[in-house]
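Undergrad: One structure coming up, written as structure tokens, with questions to follow.
The values are calculated or read from the model by the stated rules, or taken from the named source; none is laboratory data. Computed from a predicted model, the values in this text were never measured in an experiment. Glycine also receives a Cβ, built like all others from the backbone with ideal geometry; neighbour counts cover every protein chain displayed. Quick note on the areas: whole protein, heavy atoms, side chains included, nothing else; ligands and nucleic acids left out. Shrake-Rupley method; radii C 1.70, N 1.55, O 1.52, S 1.80 Å.
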Amino acid sequence: AEGEEAETDEETTADKEGIAYYEHIVEKAQDLAKQTDWPYVSMELDNLSHEWSDGPDVDSEEVASLYQKFHDAVESFEQRKQEHYEKLDKQKQENLETKKKLLEEFEGIISNETWTATRRVNQMKGQWNNTGPLPSDKGEGLDERFEELLDIFNDHKVDRLVQQRQKEEDNLMLK
């Protein structure tokens, strides 16, 4: 009977140590799940999942309850991460639409030869530069096209100013 008692004490100690091991993982997971460094936290939660798998073999309701807490923390984080990236994708799509509209307006200014629209072009340039990131597979060539239109506009503006100065000089000579 004495040998059985010692075995039970060893099992109880091993179970307590195992439970403490899993409690520590759950605490780390719950702390991590509150953060927003998405790539880092994803990696750390994955590491904790491996630690859980490699942990001691403890068969108890307490460990099952701890696993549920761990799982809930991971799921909560994953849900927040998904919402964050969906919001980011939506914002990138809106940025793309903004840049397309600015290009369309700028092309209208060029095609209508509205060379006096310097103020509006400068506003558009500011909007263009302040527009955030675009979807990774879209928007290629938009920056190049905008720069082309700026060059065209600025070249005509310079030509117009040179012509105006020439007229002023001609008028002074006539007086």
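Undergrad: For region 61-75, give me each residue that is open to solvent by 90 Å² or more (accessible area, probe 1.4 Å) and either small (Gly, Ala, Ser) or closer than 11 Å to Gln30 by Cβ (or both).
TA: If the condition is that a residue be open to solvent by 90 Å² or more (accessible area, probe 1.4 Å) and either small (Gly, Ala, Ser) or closer than 11 Å to Gln30 by Cβ (or both), then Lys69 is the only one that fits.
Undergrad: Let me ask another. Tell me, which helices (runs of 4 or more DSSP H) wholly within region 35-131 include 1 or more residues that are farther than 14 Å from Tyr22 by Cβ, among the acidic types (Asp, Glu) and in contact (Cβ under 8 Å) with a residue 24 or more places away in the chain?
TA: Of the helices (runs of 4 or more DSSP H) lying wholly inside region 35-131, those with at least 1 residues that are farther than 14 Å from Tyr22 by Cβ, among the acidic types (Asp, Glu) and in contact (Cβ under 8 Å) with a residue 24 or more places away in the chain span 61-111.
Undergrad: Which of (1) under 22 Å from the mean Cα position of the chain (by Cα); (2) farther than 30 Å from Pro39 by Cβ; (3) among the hydrophobic types (A, V, I, L, M, F, W, C) is the odd one out, the single condition Trp128 does not satisfy?
TA: The single condition Trp128 does not satisfy is (2).
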